[in-house]
1. Taking LYS100 as the residue in question, decide whether it is under 28 Å from PRO133 (Cα atoms) and modelled with pLDDT under 95.
2. Condition first: hydroxyl-bearing (Ser, Thr, Tyr) and surrounded by fewer than 16 Cβ atoms within 10 Å (Cβ to Cβ). Now tell me which residues in segment 140-182 satisfy that.
3. Sort out which residues of segment 168-182 are at pLDDT 95 or above, out of contact with any strand residue (DSSP E or B) (no Cβ under 8 Å at 6 or more places or on another chain) and more than 13 Å from VAL104 (Cα to Cα), and write them in order of number.
4. Here is a check on your reading of the model: is ARG70 over 13 Å from the mean Cα position of the chain (by Cα) and not aliphatic (A, V, I, L, M)?
5. Take the conditions over 27 Å from ALA178 (Cα atoms), open to solvent by 40 Å² or more (accessible area, probe 1.4 Å), at pLDDT below 95 and part of a helix (DSSP H, G or I) and apply them to ASP130. Does it pass?
6. Determine, yes or no, whether GLU135 is open to solvent by 10 Å² or more (accessible area, probe 1.4 Å), of a type in the set (Asp, Glu) and either under 24 Å from SER51 (Cα atoms) or in a strand (DSSP E or B) (or both).
7. Filter segment 133-175 down to residues that are β-branched (Val, Ile, Thr) and without any contact (Cβ under 8 Å) to a residue 60 or more places away in the chain, then give me how many there are.
8. In the set VAL106, VAL119, VAL82, VAL71, which member is free of Cβ contacts under 8 Å to residues at least 60 places away in the same chain and either β-branched (Val, Ile, Thr) or in contact with a Ser or Thr (Cβ under 8 Å, 6 or more places away or on another chain) (or both)?
Amino acid sequence: MDRYEPLRRRTIALVGLMGVGKSSVGRRLANALSLPFRDADAEVEAAAGRSIPDIFSELGEAAFREGERRVIARLLEGAPHVLATGGGAFMNPETRKLLKSQAVSVWLKTDLDVLARRVSRKTTRPLIVDRDPMEVLTAQAETRYPVYGEADVVVETGDAPHHTTVDQVIRALSAYHAAHAQ
């Protein structure tokens, strides 16, 4: 039997702060498990017909979060896949409940200094425009970490290459599935 087969039975939803690698690790994880990959942010942009920075500036964060919730609900109705969620998606109680009931949630957790270095290189993150990335990430960690802690699996990634993180996630998911096998 294919040792990864149990991991392909449910959607694997990656959660965590911006810059942790949900999209880049997610693509590689999907490839390793022969699953489709979906990026909630890209799906929200496609559904809205505009970029996330534009959604934030034109409609506000609340409208973005509502669109994100609807998109994730739609994606979870489909066949199992690897889903990279936006950093704030798991904070929405409805979205969190959906993810917990229809997916295996994996919190990718990395040191804030690593994240600050990564996100400061991108200009497409609306929550850090004209702000100190470390300050924003510290505030987010304080509010989000207790909620991210509700994820089914937690993987401390450090500043490892993506392929190392993918291996860590597969090992953690395998252990989770072994512990929860009926």
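1. No, not satisfied.
2. Of everything in segment 140-182, those that are hydroxyl-bearing (Ser, Thr, Tyr) and surrounded by fewer than 16 Cβ atoms within 10 Å (Cβ to Cβ) turn out to be THR143, TYR145, THR164, SER174.
3. ARG171
4. Yes.
5. Values: over 27 Å from ALA178 (Cα atoms): yes; open to solvent by 40 Å² or more (accessible area, probe 1.4 Å): yes; at pLDDT below 95: yes; part of a helix (DSSP H, G or I): no.
Against the criterion (over 27 Å from ALA178 (Cα atoms), open to solvent by 40 Å² or more (accessible area, probe 1.4 Å), at pLDDT below 95 and part of a helix (DSSP H, G or I)), ASP130 does not qualify.
6. Working: open to solvent by 10 Å² or more (accessible area, probe 1.4 Å): yes; of a type in the set (Asp, Glu): yes; either under 24 Å from SER51 (Cα atoms) or in a strand (DSSP E or B) (or both): no.
No; evaluated as a whole, the condition is false for this residue.
7. 8
8. Result of the check over VAL106, VAL119, VAL82, VAL71: VAL71.
The values are calculated or read from the model by the stated rules, or taken from the named source; none is laboratory data. It should be emphasised that the depicted structure is a prediction, and the values quoted were computed from it without experimental measurement. Here the Cβ is made from the backbone with ideal geometry for all residues, glycine too, and neighbour counts use every protein chain on show. For the accessible areas, the whole protein counts, side chains as well, though only heavy atoms, and no ligand, DNA or RNA atoms are used. Shrake-Rupley method; radii C 1.70, N 1.55, O 1.52, S 1.80 Å.
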